[in-house]
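Notes for the one structure printed next.
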Amino acid sequence: MAELREVDGFLFSTEEEYKNALKEQKAVVYLKKQMSGKDGKSILKVYNQLLEQKIFKTEVGYAFLHDINVALHRQPKIAESVINPIPVERAVIKETMTISNAEAPEEKPPKVIVKTIQANSSKQVKALRIVIIVLVVVIIGMFGITLTSQTPTIIDYETKLQDKYAAWEQQLTQREAQIKAKELELNID
C-alpha cells in the first residue's frame, strides 16, 4: 500500500497528487499574501479569475476557493448572485470488484465525475434568447415608427424640404400672377 502524505490536513495516496497539492499550497500562500487587505470587489475578481482558469485541481485548492467563497458571501456589499459556485472538475470514485478467491482483486479504473455546468449555461442561453427577442422587437418598433411618422427623417429630409419650397414657389407665382392681373385692371404700372 502506498504511503499517505499530508498537505494542509489532506492525505494523498499517490506521489503525483501529493506534488500537485504542494504546488497548490504554495499558490494558496502566495494568493493569500496578495489578497490580504484587499476589498471585497478585488477579491471577487481574483476568485472569478481562479474559477475561469481552473488552476486548482486538488482538495487543497478547493478548500482555499471554498474559504474565499464563504468570505465573499459574508461581504454585505457583494450580491450573492454575482458569486459563482465552485465547479468541481473531478471526483474520483474507487470501486472494488468482488472476485472469486482464485483471482486477485482487480481495481476498475477510477470513474471521473464531471459536474457539468449545463444548468448555468442553459440559464444563460435562455437569458440571451430573451435579450435577442427584446432587441428584435425594439428594432422592428423603430422601423415602424420611422415608416408611419410624418416628420421628415434624415433619409428623406432633402426631398421633403424641396417639395415644401416648390409648393411655396408655386403659391408665390400664383399670387404674382393675380397681382399683375389686378394691376392691368387698374392700369397701374
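The values are calculated or read from the model by the stated rules, or taken from the named source; none is laboratory data. Predicted, not measured: the structure shown is a model, and the values here were computed from it. For accessibility, only protein heavy atoms count, side chains too; no ligands or nucleic acids. Shrake-Rupley method; radii C 1.70, N 1.55, O 1.52, S 1.80 Å.
The table that follows gives values for the structure above.
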| read-out | value |
| --- | --- |
| Heavy-atom accessible area order for LYS32, LYS126, largest first, 1.4 Å probe | LYS126, LYS32 |
| Solvent-accessible area, 1.4 Å probe, carbon plus sulfur percent, for region 1-58 | 51 percent |
| Sequence of SER36, SER13 when ordered by accessible area, the most exposed leading, probe 1.4 angstrom | SER36, SER13 |
| HIS73 - accessible surface, heavy atoms, 1.4 Å probe, Å² rounded to 10 | 70 Å² |
| Inter-part distance where region 138-186 and region 10-82 are each reduced to a Cα centre, Å | 71 Å |
| TYR30 accessible area, assembled protein chains, probe 1.4 Å, Å² | 130 Å² |
| Surface per residue (accessible, 1.4 Å probe) for region 1-70, Å² | 67 Å² |
| Cross-link pairs LYS45/LYS123; LYS57/LYS123; LYS23/LYS77; LYS45/LYS126; LYS32/LYS57; LYS77/LYS123 - those with Cα-Cα distance over 29 Å | LYS23/LYS77 |
| Computed accessible area, ASP163, all protein chains, 1.4 angstrom probe, square angstrom | 100 Å² |
| Region 135-189 - accessible surface per residue (Å², probe 1.4 Å) | 100 Å² |
| Computed lengthening from LYS26 to ALA177, 0.36 nm per intervening residue step minus Cα-Cα distance | 44.5 nm |
| VAL7 long-range amide H proximity, modeled H, under 5 Å | PHE12 |
| Length added when fully stretched, LEU184-ALA71, from 0.36 nm per residue minus Cα-Cα | 30.8 nm |
